[in-house]
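A quick write-up on the structure given underneath.
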Amino acid sequence: MRHLMSPLDFTVKELDTLFNLASDIEKHPGKYAHVCDGKKLATCFYEPSTRTRLSFEAAMLNLGGSVLGFSEASSSSAAKGESVSDTIRVISCYADICAIRHPKEGAPMVAASKSLIPVINAGDGGHQHPTQTLTDLLTIRSLHGNLNGFTIGLCGDLKFGRTVHSLIRALLRYNNIHFVFISPEELRIPDYIIDELNEQNATYEEVIKLDDVIGKLDILYMTRVQRERFFNEEDYVRLKDFYILTKEKMDMAKKSCIVLHPLPRVNEISVEVDDDPRACYFKQAQYGVYVRMALIMTLLGLEG
Amino acid sequence: MLNIGQIEEGFVLDHIRAGESLDIYYKLGLDKIDNTVAIIKNVRSDKMGKKDILKVECDVEMLDLEVLGFIDHNITVNVVKGGKIVEKKRLTLPKEIVNVIKCKNPRCITSIEQELPHIFVLTDPKHEVYRCKYCEEKAVKRI
Ligand SMILES: [Zn+2]
């Protein structure tokens, strides 16, 4: 039985198959409307993450299946002290597949080791969030055309951003990708990621200001810069505008550039950018549903 | 080498870094068995300056020495049978160690679920890096 714990669990070839399926789902949703008839997805969320949970539930409902679960620990048996292992054994009797989100790192792996049904890691603390990474990859593949040969700018909090680290690692398995890291000094990409880039002979550059590089990007991946990450208010005020995407900055970007963001956004992309055809972050949310549909089918061993 | 009682069958663990013999004594579970054990500390050594030596009288099949490879693979393991050293074992890095060290990441699932075994996996043999099987936190080897 197959689970999904990390975005690297699937080989590049397996991901290709998964993304082909997701693309076919996008084109012919009707074909897949009943492939999960009678199947149940359990969403076991030990901490709230409404967007991720709804994306999983929408995916299962689109496939004709049904959903059950809980959306925070206090409403589950965990509040009574039940272990993850015990919970998943019970859930295995109720559902055919399970998506689990937990604030503790490694909890989904513990569940997978005792589970009788496929388990999907829907986020475990600061550790992994593989379906976000798969969403990002599918979005790039669909909108850019493929996963090789482009310049991607990653902008914002590159130090603590789990999403960004996962995406970089996943992209390192493809060819001819140039990375541009755009962040304040305080929120630079960690050295261990730089080491991995060097080991793979990837090309990259680090800059402070988005303006300086936006013109050469094929993909711009925005993330939030949180006020509390800065050492002092003065620095935050001085730097924050470097990382807010505005209409003026978009004027400097390529016509073909695509702008992504894992959402939810706060103010790092001004709403005036939303109408720009290059703003693809809401499409990205849609691809999140397609990739989860493909994933559910794949883990359940279902054909289209 | 000091001769603290001849061993008939067992191990002589040589070239232990000075001061670490007691830690190894506990990690090998020697406190839980009834055998003769000699802990010899601060022996002068040309190679190491000072070193520790552990002598254990036991059935040679009984002790799991895998954990020694994790602690320090430069330790020399002499296997003694019939009062003679019959083999010098080479230690290798074990692929996985269970319940030898604990994960120190406060966000790790092992921090709230006590019954889980603490498992560390060798992820980078070149740099001798072990990571927690659950949260992938790097192991801190020396305490
Ligand atoms: Zn851990």
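The values are calculated or read from the model by the stated rules, or taken from the named source; none is laboratory data. Predicted model only: the values in this text are computed from it and were never measured. Heads up, the Cβs are rebuilt from the backbone with ideal geometry, glycines too, and the neighbour counts pull from every protein chain shown.
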Quick one: how many residues across region A:95-142 are away from the ligand (no atom under 16 Å from the Cβ) and within 16 Å of the chain's Cα centre (by Cα)? 20
Residue check for A:Thr52: within 14 Å of chain B (Cβ to nearest Cβ) and crowded, with 17+ Cβ neighbours inside 10 Å: no
Neighbours by Cβ (under 6 Å, 6+ apart or cross-chain): first from region B:108-121, within 7 Å of chain A (Cβ to nearest Cβ) and within 15 Å of A:Gly81 (Cα to Cα); second near the ligand (Cβ under 9 Å from one of its atoms) and not in a loop (DSSP other than H, G, I, E, B): B:Leu116/B:Thr110
Is there a residue in region A:117-133 that is of a type in the set (D, E, K, R) and away from every other protein chain (no Cβ under 11 Å)? no
Can you tell me which residue within region B:87-143, out of those that are in contact with a Ser or Thr (Cβ under 7 Å, 6 or more places away or on another chain) and among the aliphatic types (A, V, I, L, M), is farthest from B:Gly10 (Cα to Cα)? B:Leu116
For residues in region B:101-121 being more than 10 Å from the ligand (Cβ to nearest atom) and at pLDDT 95 or above, which is surrounded by the fewest Cβ atoms within 10 Å (Cβ to Cβ)? B:Pro117
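Out of B:Lys126, B:Lys81, report the one residue that is basic (Lys, Arg), more than 16 Å from the chain's Cα centre (by Cα), closer than 29 Å to B:Leu54 by Cα and not assigned by TED's automatic domain parsing to the domain that holds B:Ile53. Full working, then the answer.
On the way: B:Lys81 fails: not assigned by TED's automatic domain parsing to the domain that holds B:Ile53.
The unique qualifying residue is B:Lys126.
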May I ask you to verify whether A:Leu61 is in contact (Cβ under 8 Å) with a residue 40 or more places away in the chain and either among the charged types (D, E, K, R) or more than 14 Å from chain B (Cβ to nearest Cβ) (or both)? no
Any residue at all in region A:64-80 that is within 14 Å of chain B (Cβ to nearest Cβ), under 18 Å from the mean Cα position of the chain (by Cα) and within 29 Å of B:Glu137 (Cα to Cα)? no
Residue count for region A:159-182, restricted to those that are modelled with pLDDT under 95 and more than 25 Å from A:Asn20 (Cα to Cα): 4
With the requirement that a residue be over 14 Å from A:Leu220 (Cβ atoms) and buried (at least 16 other Cβ atoms within 10 Å of the Cβ), what does region A:274-285 give you? A:Ala285
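Can you pull out the helices (runs of 4 or more DSSP H) entirely within region A:229-304 that have at least 1 residues that are under 23 Å from the mean Cα position of the chain (by Cα) and of a type in the set (Lys, Arg)? Step through it out loud before you land on a result.
Details: elements: A:233-239, A:247-252, A:281-300.
Of the helices (runs of 4 or more DSSP H) lying wholly inside region A:229-304, those with at least 1 residues that are under 23 Å from the mean Cα position of the chain (by Cα) and of a type in the set (Lys, Arg) span A:281-300.
Looking only at region A:213-253, how many residues end up being farther than 15 Å from A:Cys155 by Cβ and surrounded by 15 or more Cβ atoms within 10 Å (Cβ to Cβ)?
First, pick out the residues of region A:213-253 that are farther than 15 Å from A:Cys155 by Cβ: A:227-228, A:230-238, A:247-248, A:251.
Those left that are additionally surrounded by 15 or more Cβ atoms within 10 Å (Cβ to Cβ): A:230, A:236.
Looking only at that region, the number is 2.
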Which of the residues that make up region A:219-247 are closer than 16 Å to A:Tyr281 by Cβ, in contact (Cβ under 8 Å) with a residue 40 or more places away in the chain and of a type outside the set (A, V, I, L, M, F, W, C)? A:Tyr221, A:Thr223, A:Arg224, A:Tyr243
Being buried (at least 22 other Cβ atoms within 10 Å of the Cβ) and in contact with an Asp or Glu (Cβ under 9 Å, 6 or more places away or on another chain) is the filter here; which residues of region A:81-98 pass it? A:Val84
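Would you confirm, using the coordinates I've provided, whether B:Glu61 is under 30 Å from A:Pro108 (Cα atoms), of a type outside the set (Gly, Ala, Ser) and either without any contact (Cβ under 8 Å) to a residue 24 or more places away in the chain or away from the ligand (no atom under 16 Å from the Cβ) (or both)? Don't jump to the end; show me each part of the working.
Numbers: under 30 Å from A:Pro108 (Cα atoms): no; of a type outside the set (Gly, Ala, Ser): yes; either without any contact (Cβ under 8 Å) to a residue 24 or more places away in the chain or away from the ligand (no atom under 16 Å from the Cβ) (or both): yes.
Taking the combined requirement at face value, the residue does not satisfy it.
Name the one entry in A:Val271, A:Val259 that is crowded, with 18+ Cβ neighbours inside 10 Å, modelled with pLDDT of 95 or more and not aromatic (Phe, Trp, Tyr). Show your work before the answer.
Values: A:Val271 fails: crowded, with 18+ Cβ neighbours inside 10 Å.
From the options A:Val271, A:Val259, the qualifying one is A:Val259.
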Pick from region B:122-137 the residues that are surrounded by 17 or more Cβ atoms within 10 Å (Cβ to Cβ) and more than 10 Å from the ligand (Cβ to nearest atom): which of them is farthest from the other protein chains (Cβ to nearest Cβ)? B:Leu122
Qualifying residues in region A:47-63 (those that are at pLDDT below 95 and part of a loop (DSSP other than H, G, I, E, B)) - the one nearest to A:His261 (Cα to Cα): A:Ser49
